[in-house]
Amino acid sequence: MALTRRPRQIGGIILALVVACSGVIFVPRQTPVSAAGALGAVPATKVVVFHPAGTAGSPQRGTCDMGESLALDRSDAWRCMVGNEIFDPCFSLVPHASSVICDADPQHPTGIVVVLPAKLPSHGPAHNAQAWMLRLGDGTICGFLTGATGEIANQRINYGCTNKNEIIGSPQAQGAVQYATAVKVDKNYKPISIFAISIATIWK
């Protein structure tokens, strides 16, 4: 059975969110403006391919034995460890590199060099499809969760956000604008509300 939430004002558009097993449908409720006209009021989503801006500090020793990144679907992205700390993604500058750059992200683009005990293996096919980090229309930053999470409305909790909300499922496009399905939870992580919000920037 579909779960329908009260329409919420987002960037000049009132959208009702219908969450069903087959996915999320955004239903424009602004009249008499057409759906295409309403969506034009929201800036188009920018898609940015992230690359570290550089490195700082002393090189660290670590391994990328955990293999390819779970957060980022790119041929230069790896899941690595320094001591007991996991970094995902780390970035290789060339194939079969003997070092990677870790702890860099769009908010802190300068990372650290991690020296590996052996060269990286060949990376499997990558499709650059998965969104790694999101900046929502209200400025909130959300990052992909690589560990075990849960499900809400039959969709995986894919992103954790700086405002403590969560994003379920994957971004969905309405024309040039992509939207996320956000969930506000209580202190026991029970959903209070589910709503759609525009995405200003997607980093891949």
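Can you pull out every residue in the range 101-125 that is of a type in the set (A, V, I, L, M, F, W, C) and in contact with a Pro (Cβ under 9 Å, 6 or more places away or on another chain)?
The answer is Ile101, Cys102, Ala104, Ile112, Val113, Val114, Val115, Leu120.
Every residue in the range 114-152 that is of a type in the set (A, V, I, L, M) and surrounded by 16 or more Cβ atoms within 10 Å (Cβ to Cβ), please.
Val114, Leu116, Leu120, Ala131, Met133, Leu134, Leu136, Ile141, Leu145, Ile152
With Lys164, Lys187, Lys119 as the choices, which residue is under 21 Å from Gly67 (Cβ atoms) and among the charged types (D, E, K, R)?
Being under 21 Å from Gly67 (Cβ atoms) and among the charged types (D, E, K, R) holds for just one of Lys164, Lys187, Lys119, which is Lys119.
Collect the residues in the range 94-113 that are surrounded by fewer than 12 Cβ atoms within 10 Å (Cβ to Cβ) and under 18 Å from the mean Cα position of the chain (by Cα), keeping them in residue-number order.
Scanning the range 94-113 gives Gln107, His108.
So that you can scan it fast, the table gives a plain yes or no per residue for (1) at negative phi; (2) of a type in the set (Ser, Thr, Tyr); (3) surrounded by fewer than 17 Cβ atoms within 10 Å (Cβ to Cβ); (4) at pLDDT 95 or above:
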{"site": "Pro7", "(1), (2), (3), (4)": "yes, no, no, no"}
{"site": "Leu15", "(1), (2), (3), (4)": "yes, no, no, no"}
{"site": "Pro59", "(1), (2), (3), (4)": "yes, no, yes, yes"}
{"site": "Phe91", "(1), (2), (3), (4)": "yes, no, no, yes"}
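The values are calculated or read from the model by the stated rules, or taken from the named source; none is laboratory data. Since this is a predicted model, take the numbers as computed values, not measurements. Positions of Cβ are generated from backbone atoms using ideal geometry, with glycine treated the same way; all protein chains shown enter the neighbour counts.
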